[in-house]
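Student: I'd like to ask you about the structure that follows.
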Amino acid sequence: MREPQAIVEQIELQNGKIIRLVKGDITSRDVDAVVNASNSNLKHGGGVAAAIVKKGGQIIQEESDKIGFVPVGSAAITTSGKLPCKAVIHAVGPRMGEGDEDVKLRSAIRASLLLASERKFRDIAIPAVSSGIFGFPKDKCATILLNESLNFLLYSTDDKRGSTLEIVEFCIIDSDTLKEFRSQFSVLKYELSGNGRK
């Protein structure tokens with residue numbers, strides 16, 4: 001059995017669902033789905049995307065080519081090739097400077113969570129979408145990704161169908177980005193404790 005990568009932070013919500021921060025390589029995560037930070041043409045040539053195709057195999061790029069264009073703020077799904085997960089969800093986040101970046105990033109993450117839920121997946125690993133070569137500020141990225149995931153996990157329990165997702169984890173490999181996510185986890189813990197809502 002694979003050794004678990006380092007869990008840095010974890011928050012258990014009142015409904016039993018978990019938001020987790022992991023330091024490590026997303027291509028090694030043994031979860032139902034991993035999210036790929038993609039571009040609209042689903043050409044996986046750099047960053048997380050290149051690593052996913054390199055480790056998972058060319059089948060991921062071939063399936064992406066069949067899908068074709070995906071608008072910013074949306075997501076698409078392919079098989080995972082040789083990766084330990086069941087599927088790869090390709091989230092198309094915004095490039096900084098194109099306008100409405102916050103809205104588009106929220107939309108891309110929500111679309112990814114919805115796709116995972118529709119497939120009845122239990123857990124999902126997400127990188128810091130748009131915060132690499134797309135230039136989205138790492139602190140804002142952490143805030144948006146965590147809040148959108150929190151709202152999804154809390155809201156989905158009010159839905160009669162509910163979401164099958166039990167764990168949303170953020171898998172971060174570099175120290176600068178990890179620092180911003182740790183900081184945002186601290187804010188979220190404080191808010192959820194009730195102290196931040198007075």
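Student: Regarding region 94-101, can at least one residue be identified that is surrounded by fewer than 21 Cβ atoms within 10 Å (Cβ to Cβ) and closer than 19 Å to THR164 by Cα?
Tutor: Just the residues of region 94-101 that are surrounded by fewer than 21 Cβ atoms within 10 Å (Cβ to Cβ), to begin with: 95-100.
Adding the requirement that they be closer than 19 Å to THR164 by Cα leaves none.
No: region 94-101 contains no residue that is surrounded by fewer than 21 Cβ atoms within 10 Å (Cβ to Cβ) and closer than 19 Å to THR164 by Cα.
Student: Here are the criteria: (1) surrounded by fewer than 18 Cβ atoms within 10 Å (Cβ to Cβ); (2) of a type in the set (Val, Ile, Thr); (3) assigned to a helix (DSSP H, G or I). Tell me which single one THR27 does not satisfy.
Tutor: (1)
Student: Can you go through GLU62, GLU12 and tell me which one is without any contact (Cβ under 8 Å) to a residue 12 or more places away in the chain and within 30 Å of TYR190 (Cβ to Cβ)? Give the steps one after another, and end with the answer.
Tutor: Numbers: GLU62 fails: within 30 Å of TYR190 (Cβ to Cβ).
Just a single option satisfies the conditions, and that option is GLU12.
Student: Has region 41-48 got any residue that is crowded, with 18+ Cβ neighbours inside 10 Å and in a loop (DSSP other than H, G, I, E, B)? Show your work before the answer.
Tutor: Keep residues of region 41-48 that are crowded, with 18+ Cβ neighbours inside 10 Å, which gives 42, 44, 48.
With the extra rule that they be in a loop (DSSP other than H, G, I, E, B), the set shrinks to 42, 44.
Yes, that holds for at least one residue.
Student: Go over the candidates ILE11, ILE59, ILE89 one by one and state the one that is within 25 Å of SER163 (Cα to Cα), surrounded by fewer than 23 Cβ atoms within 10 Å (Cβ to Cβ) and of a type in the set (A, V, I, L, M).
Tutor: ILE11
Student: Is there a residue being over 17 Å from GLU180 (Cβ atoms) and of a type in the set (Lys, Arg) anywhere in region 18-26?
Tutor: Residues of region 18-26 that are over 17 Å from GLU180 (Cβ atoms), as a first pass: 18, 25.
Checking which are of a type in the set (Lys, Arg) leaves us with none.
No: region 18-26 contains no residue that is over 17 Å from GLU180 (Cβ atoms) and of a type in the set (Lys, Arg).
Student: If ILE67 satisfies all but one of (1) at pLDDT below 95; (2) among the hydrophobic types (A, V, I, L, M, F, W, C); (3) in contact with a strand residue (DSSP E or B) (Cβ under 7 Å, 6 or more places away or on another chain), what's the number of the condition it fails?
Tutor: (1)
Student: Filter region 112-128 down to the residues that are buried (at least 19 other Cβ atoms within 10 Å of the Cβ), closer than 14 Å to VAL88 by Cα and of a type outside the set (S, T, N, Q) and list them by number.
Tutor: The answer is LEU113, LEU115, ALA116, PHE121, ASP123, ILE124, ALA125, ILE126, PRO127.
Student: Of the numbered conditions (1) among the aliphatic types (A, V, I, L, M); (2) touching a strand residue (DSSP E or B) at 6+ places or on another chain (Cβ under 9 Å); (3) over 22 Å from GLU9 (Cβ atoms), MET96 fails exactly one; give the number of that condition.
Tutor: Single failed check for MET96: (2).
Student: Any chance you could count how many residues in region 144-189 are more than 15 Å from ILE18 (Cβ to Cβ) and at pLDDT below 90?
Tutor: Matching residues across region 144-189 total 6.
Student: Could you pull out the residue among ALA91, ALA37 that is closer than 19 Å to LEU113 by Cα and out of contact with any Phe, Trp or Tyr (no Cβ under 9 Å at 6 or more places or on another chain)?
Tutor: Working: ALA37 fails: out of contact with any Phe, Trp or Tyr (no Cβ under 9 Å at 6 or more places or on another chain).
The match here is ALA91.
The values are calculated or read from the model by the stated rules, or taken from the named source; none is laboratory data. What you see is a predicted model; the values in this text were computed from it and never measured. Note that each Cβ is placed from the backbone with ideal geometry, even for glycine, and that neighbours are counted across all protein chains shown.
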